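Beneath this line is the structure, given in structure tokens, with notes to follow.
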Amino acid sequence: MILSNLKTIRLQIQKTASKCGRDPDAIRLVAVSKKCPVSSLQEAMQANQFLFGENYIQEAVQKKAVTGDSALFHFIGHLQSNKVRPAAQTFQMIETIDRFKLAAALDKELKLQGRNMDILVQVNIGRELQKSGILPEDTEKLLTQILPLSNLKIRGLMTIPPFAENPEQTRPYFRALRLLAKEMQEKKYFFDNNHVELSMGMSSDYAIAIEEGATLIRVGTAIFGDRPGQ
Ligand SMILES: *Cc1c(COP(=O)(O)O)cnc(C)c1O
């Protein structure tokens, strides 16, 4: 099941990319494995999927102990400042940096561990009260504050748009994130301004996100099926 789901999604990525003139290799699939047993990750690894997204630190620590170093993990959940130690030890990228205090705590911990980390700044592009993420108009200020933190590499922006029945309704939000990233790229806020990461798109709307420039898509249920409790 996981194997055939991955095949379907890879094909869809290729089709969508070629339709809009993008290189399919510029789009990386983050398999969102939250609440999935580690056997599901191992099954995905059998099918050459080595990049995973996790929302809970402890769960990711346990899975990484089993999968070993061939699997890479992105943190995509809400990170608390008191969890930066295990986060810094476990993840290749943290996609959800949305406040300076958190960035500073992470940078301090990385200095102790003697390593750097790739991060994305999470933007609340739909301006939803209940959602994490920095507001679009405050993003530049946050980037300015994070830039001097020498153990963090700001790779790009991430967003979770408002829920929509029709995936087409997410397009304006994806487009807005792309335009914001372009503006920040022109001002040279990113670690590599020739290659800015845009993490957007989930199971229902990743094709639209690709059309709008996503370089990282975060897909869970379309790979692993419904999570327990759903
Ligand atoms: C759970 C989750 C996803 C995956 O959602 P699906 O609809 O299962 O593809 C993507 N991004 C974030 C931040 C998530 O928490």
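Any chance the range 100-107 includes a residue that's away from the ligand (no atom under 15 Å from the Cβ), in a loop (DSSP other than H, G, I, E, B) and surrounded by 13 or more Cβ atoms within 10 Å (Cβ to Cβ)? Step through it out loud before you land on a result.
From the range 100-107, those away from the ligand (no atom under 15 Å from the Cβ) are 100-107; that's our starting set.
Add one more test, that the residue is in a loop (DSSP other than H, G, I, E, B), and what stays is none.
Within the range 100-107 (the criterion being away from the ligand (no atom under 15 Å from the Cβ), in a loop (DSSP other than H, G, I, E, B) and surrounded by 13 or more Cβ atoms within 10 Å (Cβ to Cβ)), the answer is no, since none of the residues qualifies.
If you go through the range 120-146 and keep only what is under 16 Å from Met200 (Cβ atoms) and not in a loop (DSSP other than H, G, I, E, B), you end up with Leu120, Val121, Gln122, Val123, Ile134, Pro136, Thr139.
Which residue is surrounded by the fewest Cβ atoms within 10 Å (Cβ to Cβ), if the candidates are limited to the range 214-228 and must be among the aliphatic types (A, V, I, L, M) and either part of a strand (DSSP E or B) or within 7 Å of the ligand (Cβ to nearest atom) (or both)?
Of all residues in the range 214-228, those among the aliphatic types (A, V, I, L, M) come to 214, 216-217, 219, 222-223.
Filter again for either part of a strand (DSSP E or B) or within 7 Å of the ligand (Cβ to nearest atom) (or both), leaving 216-217, 219, 222.
Numbers: Leu216: 24, Ile217: 27, Val219: 22, Ala222: 18.
Looking at residues that are among the aliphatic types (A, V, I, L, M) and either part of a strand (DSSP E or B) or within 7 Å of the ligand (Cβ to nearest atom) (or both), I get Ala222.
Within the range 189-213, the set of residues being buried (at least 22 other Cβ atoms within 10 Å of the Cβ) and within 12 Å of the ligand (Cβ to nearest atom) comprises Ser199, Met200, Gly201, Asp205, Tyr206, Ala209.
Quick check: anything in the range 162-173 under 25 Å from Leu11 (Cβ atoms), touching a strand residue (DSSP E or B) at 6+ places or on another chain (Cβ under 7 Å) and either away from the ligand (no atom under 14 Å from the Cβ) or assigned to a strand (DSSP E or B) (or both)? Checked against the condition, which is being under 25 Å from Leu11 (Cβ atoms), touching a strand residue (DSSP E or B) at 6+ places or on another chain (Cβ under 7 Å) and either away from the ligand (no atom under 14 Å from the Cβ) or assigned to a strand (DSSP E or B) (or both), the range 162-173 yields no hits at all. Within the range 73-87, residues that are farther than 10 Å from Ile57 by Cα have Cβ atoms under 7 Å from residues that are in a helix (DSSP H, G or I) and aliphatic (A, V, I, L, M) in these pairs: Phe73/Ala60; Ser81/Leu102; Ser81/Ala105, counting only partners at least 6 apart in sequence or on another chain. Are any of the residues in the range 53-65 away from the ligand (no atom under 16 Å from the Cβ), surrounded by 17 or more Cβ atoms within 10 Å (Cβ to Cβ), among the charged types (D, E, K, R) and at negative phi? Yes, the range 53-65 contains a residue that is away from the ligand (no atom under 16 Å from the Cβ), surrounded by 17 or more Cβ atoms within 10 Å (Cβ to Cβ), among the charged types (D, E, K, R) and at negative phi. For the range 196-213, the tally of residues that are among the aliphatic types (A, V, I, L, M) and part of a helix (DSSP H, G or I) stands at 4. The set of residues from the range 92-141 being among the polar types (S, T, N, Q) and in contact (Cβ under 8 Å) with a residue 12 or more places away in the chain comprises Gln92, Thr96, Gln113, Asn116, Gln122, Asn124, Ser132, Thr139. Does Gln185 count as of a type outside the set (Gly, Ala, Ser), more than 12 Å from the ligand (Cβ to nearest atom), part of a helix (DSSP H, G or I) and free of Cβ contacts under 8 Å to residues at least 12 places away in the same chain? Spelling it out, Gln185 is indeed of a type outside the set (Gly, Ala, Ser), more than 12 Å from the ligand (Cβ to nearest atom), part of a helix (DSSP H, G or I) and free of Cβ contacts under 8 Å to residues at least 12 places away in the same chain.
Each reported figure results from applying straightforward, stated rules to the coordinates on display, with no laboratory input. What you see is a predicted model; the values in this text were computed from it and never measured. Positions of Cβ are generated from backbone atoms using ideal geometry, with glycine treated the same way; all protein chains shown enter the neighbour counts.
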